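What follows is a single structure, written as structure tokens, with notes after it.
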Amino acid sequence: MSGGTARHLALAIARLTTILLPASQRSWARAMIVEVAELHDDAEALRFAMGCLWAAVVQAATHHFYGSDGDVRSTHQHHDTEARSMEQLRKRDRRAIGLACAAGAVGLGAVYLAAAQAPWSYIVVNSTAFVMGLIAYAALIRWGWGSTRRSGAIVLALAAVLLATALFGASADGATRWIRVGSLGVQVSLLFLPLMIVAFARHRDAAGTGGLIVAALAMALQPDRAMAGVLAGGLLTLAILRFDIRVGMALVAAVIGFAVTLVRPDTSPASPWVDQILYTSFEVHPLVGAAVLTGTLLLIVPAVYAFHKSSAHQDAYAVFGMVWICVIVAAALGNYPTPLVGYGGSAVLGYVLSLASIAPVAATRRAAEVPYEERPHGPETVRRSLRAA
């Protein structure tokens, strides 16, 4: 990447922060743009812009979740505010950590796409998918997705969509994994399967078990080796942590489905700006490769943090983490989409929707840990507690 390209990329990142930051902090974003423009070293300008992008993500998450606002007028104040923001994220809401990580990964992916000279429409698609994911996330939380007992039926319904995609969807290079939405191809398994697995980890019933068995069949028919491995990996993790007969049945089906995809040929070539970018991004520039790698690792931060800090809902977070680790490993080993940092709105939406599935677990489990005689009663109190969690 030439020096001029690095400078243009740094300025593009700086301008991105004006979109992320709340209105009261736009003056800080404008000052950052000026600072990037005045730095003499292009690489230093790019490093500075990437650091400020992360700070903007933290500020945006804090503002939207807690209503905290303030004017960051100096470097010292900026560091203090960022530290307070991270402390709020740590103490109050693990959902905010996941959404901030998603925003950071999409932002770092935009850095890669711009540096690799991908069409600007790719950045627009990923950003739009993230915004749509936030809207869907808010709707799921408001609807009470975490406390519903009908999640198994929903998993079964989504499995039917996966199977219909395998039978009637759009095909390319011998695989049938997509549905067409205008000119866009949506990979339905990447959109729905993570949510389905995590929802099953939270609430296991006969419908959910049947849904994952149907999903395993759909992955074998498509074939989709990556997502079949994701399904098997997520269920294996759940079986290790909390085994029961339903988990065992779904796991057997998932392993069989994965075995079928290993036998069937998978000749899909690598798509530019989508597949194999964990390697090709370093050819663009070492800093761009580091941005892609960092954005990828951000995806498992919520699971690692929650698994380390809490014993109340480790199984759900562990399954969430394993699902996305498997997606990343598949992207590293084969020609499969690199989630969030590469082009592809399906992965962006799928990640945010799977966050919506793990978010309410903490509330449910914490309520169960409080002795009955100490619990506040009444439906309104319960609703407030669930929203607070």
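How many of the residues in the range 118-148 are outside any helix (DSSP H, G or I) and either within 20 Å of residue 294 (Cα to Cα) or touching a strand residue (DSSP E or B) at 6+ places or on another chain (Cβ under 6 Å) (or both)? Steps first, please.
First pass over the range 118-148, keeping only residues outside any helix (DSSP H, G or I): 118-119, 144-148.
Then drop every residue that is not either within 20 Å of residue 294 (Cα to Cα) or touching a strand residue (DSSP E or B) at 6+ places or on another chain (Cβ under 6 Å) (or both), which leaves 118.
Qualifying residue count for the region: 1.
All but one of (1) more than 20 Å from residue 140 (Cβ to Cβ); (2) among the charged types (D, E, K, R); (3) surrounded by 15 or more Cβ atoms within 10 Å (Cβ to Cβ) hold for residue 173; which doesn't?
(3) is the only condition that residue 173 fails.
Given 271, 281, which one is in a loop (DSSP other than H, G, I, E, B) and in contact (Cβ under 8 Å) with a residue 60 or more places away in the chain?
Within the list 271, 281, the selection yields 271.
Quick note: the coordinates plus some simple rules give every number you see, no bench work behind them. The shown structure was predicted, so the numbers you read here are calculated from the model rather than taken from an experiment. As a convention, Cβ positions derive from the backbone with ideal geometry for all residues, glycine included, and neighbour counts pool all protein chains shown.
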